[in-house]
Amino acid sequence: GQQLNQSPQSMFIQEGEDVSMNCTSSSIFNTWLWYKQDPGEGPVLLIALYKAGELTSNGRLTAQFGITRKDSFLNISASIPSDVGIYFCAGRFRTGNQFYFGTGTSLTVIP
Amino acid sequence: EAGVTQSPTHLIKTRGQQATLRCSPISGHTSVYWYQQALGLGLQFLLWYDEGEERNRGNFPPRFSGRQFPNYSSELNVNALELEDSALYLCASSFLVLNQPQHFGDGTRLSIL
C-alpha cells in the first residue's frame, strides 16, 4: 500500500511554542486531511485540504497542501496542554474513496 | 447530530474465538470504513463498504470480513482470533461523494488473551 511518511515521529515542546510537522508521499494526492487522536478516542478531523497550494486555518492550526501535491504541512501556534495527542495526516488519490494514513506525530506539551 | 458510534467499547476474547464489532455511521453517510490500529502504530485500512457492497479491501487475511446493512450500519467479523489481532478497531463514515472526509468513532479495543 501507499506509504505516507510523517515527521517528526514525536515532539516534546514547551507550552507557548509553535509546532510544525509534515507528511510526505511518493505519490500525488488530490486531498489531504489532518486528524488529531486523543488517548482512548478516535481521530478527530482538524483540517481538510483540496487544492495544491491551499492554506487553511482552524483556530491556532494552519495546514497547507504542498505545491508538488506530494506533501502537506501542519502548524500549531502558541501550543497549550490540550494540544497533546497524536496527529495523523491522510491522503487520497484523484480517483477512489480510500484515504491512506501516515504513521502519526506524537505531541507532548510541557506546561 | 450524532457521530459515528461503535460497540462494544472493549472486547476480550481468547485465541481461536470469533469477534463481532459493530458500527453505526453518521446519519446520511452511506460509506463505512474499518481500520485496525495496533498499539503505537498508524491506521491500517481493512475494509470499505458502501450501499451494502464491499468496495475495497486492505491487505488482511480472509478471516477479517464484514457486511453493511440496509440502514448503513456495519459489522466487522474476525474469525480464528490470533494474539496479533489485539488492537483498536476504528470505524469511519462519509458521504460517497468524492473528497468527503471520513469521520471516526472512538473504536473498539479488542484484546486477545
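The values are calculated or read from the model by the stated rules, or taken from the named source; none is laboratory data. Everything numeric here is computed off the predicted structure, so don't read it as measured data. Here the Cβ positions follow ideal geometry from the backbone for every residue, glycine too, while neighbour counts run over all protein chains shown. We work out accessible area using only protein heavy atoms, side chains counted, and drop any ligands, DNA or RNA first. Shrake-Rupley method; radii C 1.70, N 1.55, O 1.52, S 1.80 Å.
Quote the total accessible area buried by chains A and B together, excluding ligands, DNA and RNA, probe 1.4 Å, nearest 100 Å².
Approximately 1600 Å² gets buried when A meets B.
Based on the Kirkwood radius over alpha-carbon pairs, what is the Stokes-Einstein translational diffusion coefficient of chain A at 20 °C with 1.002 mPa s viscosity, in µm²/s?
It diffuses with D of about 154 µm²/s by this estimate.
What's the local net charge at A:N75, with K and R +1, D and E -1, over the other residues with C-beta under 13 Å away?
Net local charge, A:N75 excluded: -2.
How many percent of the accessible area of segment A:32-111 is carbon or sulfur, using a 1.4 Å probe?
58
How many angstrom separate the Cα center of segment B:3-40 from the Cα center of segment B:57-73?
The distance from the Cα centre of segment B:3-40 to that of segment B:57-73 comes to 10 Å.
Compute the accessible area per residue over chain A, keeping the other protein chains in place, probe 1.4 Å, unit Å².
Per residue, chain A has an accessible area of 46 Å².
Quick one: compute the contact order of segment B:16-68, relative version, from alpha carbon pairs under 8 angstrom and 6+ residues apart, as a percent. Walk me through the intermediate numbers first.
Values: 62 pairs, mean separation 13.2, N = 53.
It rounds to 25 percent for segment B:16-68.
Which whole-number percentage describes the relative contact order of chain A, with Cα contacts under 8 Å and a sequence gap of 6 or more?
36
Using the crude model of +1 on Lys and Arg Cβ and -1 on Asp and Glu Cβ, and no other charge, please compute the dipole size for segment A:1-81 relative to its Cα centre, in debye to 20. Don't skip to the end; give the middle numbers.
Numbers: 5 positive and 7 negative charges, 72 e Å.
My answer is approximately 340 debye.
Kindly give Rg over Rh for the protein assembly as shown, based on alpha-carbon atoms, with the Kirkwood expression for the hydrodynamic radius.
Radius of gyration relative to Kirkwood radius: 0.97.
Excluding residues fewer than 8 places away in the same chain, name every one of the lysines whose C-alpha is closer than 20 Å to that of A:K51.
Qualifying lysines at Cα under 20 Å: A:K70.
Using a 1.4 angstrom probe on protein heavy atoms only, which residues from segment B:25-71 are buried by at least 40 Å² of accessible area when all chains are present rather than their own chain alone?
At a threshold of 40 Å² (probe 1.4 Å), the residues of segment B:25-71 that become less exposed are B:L43.
Any residues in segment A:88-105 that have 50 Å² or more less accessible area with all protein chains than in their chain alone, probe 1.4 Å, and which are they?
Output list: A:N97, A:Q98, A:F99, A:F101.
Counting only C-alpha contacts under 8 Å and six or more residues apart, can you give the relative contact order of chain B as a whole percent?
That works out to 37 percent.
Using a cut-off of 9 Å between beta-carbons, work out the net charge of the residues near B:S74 (Lys and Arg +1, Asp and Glu -1, B:S74 not included).
On the way: positive: B:R22, B:R67; negative: B:E75.
So the surrounding residues net to +1.
Quick one: putting +1 on the C-beta of Lys and Arg, -1 on the C-beta of Asp and Glu, what dipole do you get for chain B around its Cα centre, in Debye to the nearest 20?
Result for chain B is approximately 260 debye, rounded to the nearest 20.
Tell me which of B:N56, B:F104, B:V78 sits at the most positive position along the dipole axis of the protein assembly as shown, charges placed on C-beta atoms (Lys, Arg +1; Asp, Glu -1).
Highest projection toward the positive end goes to B:N56.
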